[in-house]
Amino acid sequence: MQRQRHDEGSSTATRVVAAPLAPSLAVPISRRVHAAAGPYDLVLNTVTTNPTTEPRFGLSQNLVFVFDKPVIAGVATVTEGAAVAGVPTFSGNQMTVPLSNVGNAQYVTVTASSVVAADGGTGGTASIRIGYLAGDVSQNRVVTVSDLAQVNGQVAQTVTATNYLKDVNASGTLSVADKASVNTRITNALPTP
């Protein structure tokens, strides 16, 4: 907090200027690029005891911390699960954390710390917890025949904002390869959160 003093003739006025607030998490996102179909974002639940399941598989994933104001710096650390956080990138209100070595059927928590806002606010922190389970398009934490039927119903369709989760290999096309991927994972499950 800064104080500014202003003298006007015989009277003195003091004005208090508050320091900028630390940025706070507004929306957590799991972002995958589906080849030529482009990026699609899965908005994640912020309740750590009920994490969202990400059914799109791959060793590389991106988590996006969307803050309440533009951010310019911060650190990301994996605090749960077997994954490695890369160097974050910053664009407007978004801090994007690339993850590598993401295993299947596990929960991963990524914590952002020392987040700095463009307005000078410092000390922002946030955590994202997500369950990775390839092929669980119904997002009920177990791959079932129902998931297989949902993917099968989309084969040969264009990837859109309503069916992108069924493109489980994020290839940009809904194909028999997605169906085969789900079929080989039936009965795979996440542990209780």
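Some observations on this one:
- Complete set of residues in segment 91-103 that are touching a residue at least 40 places away in the same chain (Cβ under 8 Å) and either assigned to a strand (DSSP E or B) or surrounded by 15 or more Cβ atoms within 10 Å (Cβ to Cβ) (or both): 93, 96, 100, 102
- The residues in segment 78-90 that are in a strand (DSSP E or B) and surrounded by 17 or more Cβ atoms within 10 Å (Cβ to Cβ) can be counted, and the count is 3.
Conditions tested, residue by residue: (1) under 17 Å from residue 131 (Cβ atoms); (2) small (Gly, Ala, Ser).
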| position | (1), (2) |
| --- | --- |
| 43 | yes, no |
| 47 | yes, no |
| 54 | yes, no |
| 63 | yes, no |
| 74 | no, yes |
| 84 | no, no |
| 104 | yes, no |
| 109 | yes, no |
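- The set of residues in segment 50-69 that are modelled with pLDDT of 95 or more and either exposed (fewer than 15 other Cβ atoms within 10 Å of the Cβ) or touching a helix residue (DSSP H, G or I) at 6+ places or on another chain (Cβ under 8 Å) (or both) comprises 50, 55, 56.
- The set of residues in segment 162-186 being of a type in the set (Gly, Ala, Ser), out of contact with any Asp or Glu (no Cβ under 9 Å at 6 or more places or on another chain) and assigned to a loop (DSSP other than H, G, I, E, B) consists of 170, 172.
- When residues in segment 137-166 are screened for being in contact with a strand residue (DSSP E or B) (Cβ under 7 Å, 6 or more places away or on another chain) and among the charged types (D, E, K, R), 1 of them pass.
The rows are residues; the columns are (1) assigned to a helix (DSSP H, G or I); (2) out of contact with any helix residue (DSSP H, G or I) (no Cβ under 9 Å at 6 or more places or on another chain).
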residue	(1), (2)
137	no, no
146	yes, yes
151	yes, no
160	no, no
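- Inclusion of residue 110 among residues that are under 21 Å from residue 191 (Cα atoms), in a strand (DSSP E or B) and out of contact with any Pro (no Cβ under 6 Å at 6 or more places or on another chain) is warranted.
- Residue 75 being hydrophobic (A, V, I, L, M, F, W, C), at pLDDT 95 or above, surrounded by fewer than 18 Cβ atoms within 10 Å (Cβ to Cβ) and within 19 Å of residue 105 (Cα to Cα): no
The values are calculated or read from the model by the stated rules, or taken from the named source; none is laboratory data. Predicted, not measured: the structure shown is a model, and the values here were computed from it. Positions of Cβ are backbone-derived with ideal geometry, glycine not excepted, and every protein chain shown enters the neighbour counts.
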